[in-house]
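Enquirer: One structure, pasted below without further comment.
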Amino acid sequence: MTTHYLDLTVLPDPETSAAHLLGALYERLHLALVQQRQDRVGVSFPRYCLTPRAIGNVLRLHGEGGVLERLMAEDWLKGVRDHVRASGVQPVPEGVPFRTVQRRQFQTNVERLRRRRMRRKGETAEQAARAIPDSAKDRPGLPYVQLRSRSTGQPFCMFLALGPLRHEAVPGSFNSYGLSGLATVPWF
């Protein structure tokens with residue numbers, strides 16, 4: 001259960017954007033969750049906003065008090081500690097609603113889709129271009145965190161969607177990014 005939380009606030013820096021620092025912080029959290037094989041820590045972004053599209057500068061961690069304390073006892077903030085202020089582990093306020101925070105993936109690169117089609121179907125570039133027009137590109141309007149793939153080194157945007165507000169928590173596990181399509185986190 002997500003009975004406790006803590007906030008990690010990215011501090012302003014004249015040389016590095018808050019979005020870049022939040023991405024670096026989130027990458028380190030992901031690595032810590034993988035190394036600890038932890039599936040009981042969920043995340044939320046309390047300053048998440050669709051208009052204007054923004055993720056904010058606060059990463060909130062949710063979980064049981066002991067789980068969060070053990071996570072914070074590790075040295076996973078190394079390299080970003082000077083740019084992050086961590087609150088203490090606190091109980092979740094009474095009567096708050098719950099919701100899921102999950103990743104949404106979009107087909108945003110038409111050229112990549114065409115190359116994939118050419119490989120899979122043995123088509124020429126012209127055939128693939130006719131099958132996948134430029135208008136096939138999705139234009140996501142969701143806030144995102146910019147991350148870097150550990151396997152390829154390529155940057156990518158992880159778009160985040162919020163589920164509907166609920167009055168009751170839904171227990172479950174979270175992936176190595178602290179996201180779940182089923183398990184809810186308190187939303188406040």
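Enquirer: So, in the range 17-51, of the ones that are over 25 Å from ARG150 (Cα atoms) and in a loop (DSSP other than H, G, I, E, B), which residue ends up modelled with the lowest pLDDT?
Expert: The qualifying residue modelled with the lowest pLDDT is THR51.
Enquirer: Considering only the range 62-73, I want to know if a residue exists there that is within 22 Å of LEU165 (Cα to Cα) and either in contact with a Gly (Cβ under 7 Å, 6 or more places away or on another chain) or at pLDDT below 95 (or both).
Expert: Taking every residue of the range 62-73 in turn, at least one turns out to be within 22 Å of LEU165 (Cα to Cα) and either in contact with a Gly (Cβ under 7 Å, 6 or more places away or on another chain) or at pLDDT below 95 (or both).
Enquirer: Here is a follow-up. Taking the range 112-157 as the search range and keeping residues that are assigned to a helix (DSSP H, G or I), among the aliphatic types (A, V, I, L, M) and surrounded by 13 or more Cβ atoms within 10 Å (Cβ to Cβ), which one is nearest to the chain's Cα centre (by Cα)?
Expert: Per the criteria, the residue is LEU113.
Residue-by-condition table, conditions (1) on the phi < 0 side of the Ramachandran plot; (2) polar (S, T, N, Q); (3) out of contact with any helix residue (DSSP H, G or I) (no Cβ under 9 Å at 6 or more places or on another chain):
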{"position": "LEU8", "(1), (2), (3)": "yes, no, no"}
{"position": "GLY23", "(1), (2), (3)": "yes, no, yes"}
{"position": "ARG37", "(1), (2), (3)": "no, no, yes"}
{"position": "ARG47", "(1), (2), (3)": "yes, no, yes"}
{"position": "ARG60", "(1), (2), (3)": "yes, no, yes"}
{"position": "VAL67", "(1), (2), (3)": "yes, no, yes"}
{"position": "GLU74", "(1), (2), (3)": "yes, no, no"}
{"position": "LYS78", "(1), (2), (3)": "yes, no, no"}
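Enquirer: Next up: Working only within the range 83-97, note down all residues that are in contact (Cβ under 8 Å) with a residue 12 or more places away in the chain and either among the acidic types (Asp, Glu) or closer than 24 Å to GLY141 by Cβ (or both).
Expert: Hit for the range 83-97 is PRO97, nothing else.
Enquirer: Here's a follow-up. For PHE188, which of the numbered conditions (1) within 22 Å of GLU27 (Cβ to Cβ); (2) assigned to a loop (DSSP other than H, G, I, E, B); (3) aromatic (Phe, Trp, Tyr) fails to hold?
Expert: (1)
Enquirer: For residues in the range 1-16 being part of a loop (DSSP other than H, G, I, E, B) and of a type in the set (Asp, Glu), which is farthest from GLU168 (Cα to Cα)?
Expert: Of everything passing the filter in the range 1-16, GLU15 is farthest from GLU168 (Cα to Cα).
Enquirer: Please go through the range 75-92 and give me each residue that is more than 20 Å from the chain's Cα centre (by Cα), exposed (fewer than 14 other Cβ atoms within 10 Å of the Cβ) and either closer than 25 Å to THR16 by Cα or among the aliphatic types (A, V, I, L, M) (or both), ordered by number.
Expert: Listed by number, the residues that qualify are ASP75, ASP82.
Enquirer: Tell me, yes or no, whether the range 56-75 has at least one residue that is in a loop (DSSP other than H, G, I, E, B) and under 13 Å from TYR5 (Cα atoms).
Expert: Yes, that holds for at least one residue.
The values are calculated or read from the model by the stated rules, or taken from the named source; none is laboratory data. What you see is a predicted model, and the numbers here were worked out from it, not measured in a lab. Glycine gets a Cβ as well: all are built from the backbone with ideal geometry, and neighbour counts include every protein chain shown.
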